[in-house]
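Encoded as structure tokens, the structure appears first; notes follow it.
The values are calculated or read from the model by the stated rules, or taken from the named source; none is laboratory data. Since this is a predicted model, take the numbers as computed values, not measurements. Here the Cβ positions follow ideal geometry from the backbone for every residue, glycine too, while neighbour counts run over all protein chains shown. All accessible areas refer to the heavy atoms of the entire protein, side chains included, with ligands and DNA or RNA removed. Shrake-Rupley method; radii C 1.70, N 1.55, O 1.52, S 1.80 Å.
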Amino acid sequence: MTFPYKLVATDLDGTLLRGDDTVSERTREALAAVTAAGAAHIIVTGRAVPWTRHILDDLGYEGLAVCGQGAQVYHAGEHKLLTSLTLDRQLAGLALSKIEAEVGPLLLAASRDGLEGEVLVGPGYRVQEGPLPYLFVDDATEMWTAPLNKVYIQHPELDDDALAFAARAAVGSLVDVVMAGAGVVEILPLGLSKATGLSLAARRLGVKAADTIAFGDMPNDIPMFGWAQHGVAMANAHDDLKAVAHEITASNEDDGIAVVLEELLRSAPVQPAR
């Protein structure tokens, strides 16, 4: 059997993971079949390594993962950080001041760099319930005392789309701003995206964009879809991502990744016996 892609890139939240943070048996089997057919599976997530590692371990995943919106390339089998890009804290502070000049005070959290980097949560920032660890700080200035890979911003009144739009307009070319999920608007190093991290990881694997199918659900997946040969949006995806997707599959709760991979496996030509 010849699978048509050499690389399958999947986002985590809202894509590979169901709402309870698990991966269905059907999706696990589809990914195993794809890798048995010769393709590599790579996880590409906005989560930094400390928030991703336990999921990779549960999957028995030993390959490369792109974490932190492309800032980190992580070798799961070796538990090693291969590349890591940090956010210039001076530029980030300037960007925040420009955003707050337009929309008023922001609520902040920050992700520290490294294999054990904590996520620090400032006063008023609304965290999602679940197993992911946070460290609450009373003084937001504590967030700036060590290298960061991203800063999270929230606004007491603006929704995610409105905040992301206003923030992009305010910061100009200082930093990048992405919306990565419900209540998750992030400030990143300028030029960083899932596509940049994925291209680095793909180069290590010896595969190209033309060999890649990518799955995602949020606007931060748009650069990845632009890089990959084929972009598949989940049924639950943000409208901005659906607008640039080559295909829309079922939701993350309904095994959307497996639906596509199983069809590709069924239609893959069988190599003749030698």
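Pairs of Cα atoms in the chain fall into 10 Å distance bins, from 0 up to the last occupied one, in shares of 7, 30, 36, 19, 6, 1, 0 percent. Look at the dipole of the range 161-274 built from charges on Cβ: of 212, 188, 232, the Cα furthest out on the positive end belongs to 212. Measuring between their Cα centroids, the range 132-151 and the range 43-78 lie 21 Å from each other.
How would 208, 80 rank on accessible area, largest to smallest, probe 1.4 Å? Please report the intermediate quantities before stating the final value.
Details: 208 140, 80 100 Å².
Ranked from most to least accessible, the order is 208, 80.
Computed from Cα positions, the angle between helix 160-171 and the longest principal axis of the chain comes to roughly 70 degrees. Working note: Karplus 6.51/-1.76/1.60 with θ = phi - 60° gives the range 62-70 the couplings 10, x, 7, 9, 9, 10, x, 6, x Hz, where Gly and Pro are set to x. Straight-distance candidates among the lysines for linking to residue 208, with alpha-carbon spacing under 30 Å and chain neighbours fewer than 8 residues away dropped: 6, 80, 150, 194, 242.
What whole-number value in cubic angstrom gives the convex hull volume per residue for the C-alpha atoms of the range 39-122?
On the way: hull volume 9.1 nm³, N = 84.
Each residue corresponds to 108 Å³ of Cα convex hull volume.
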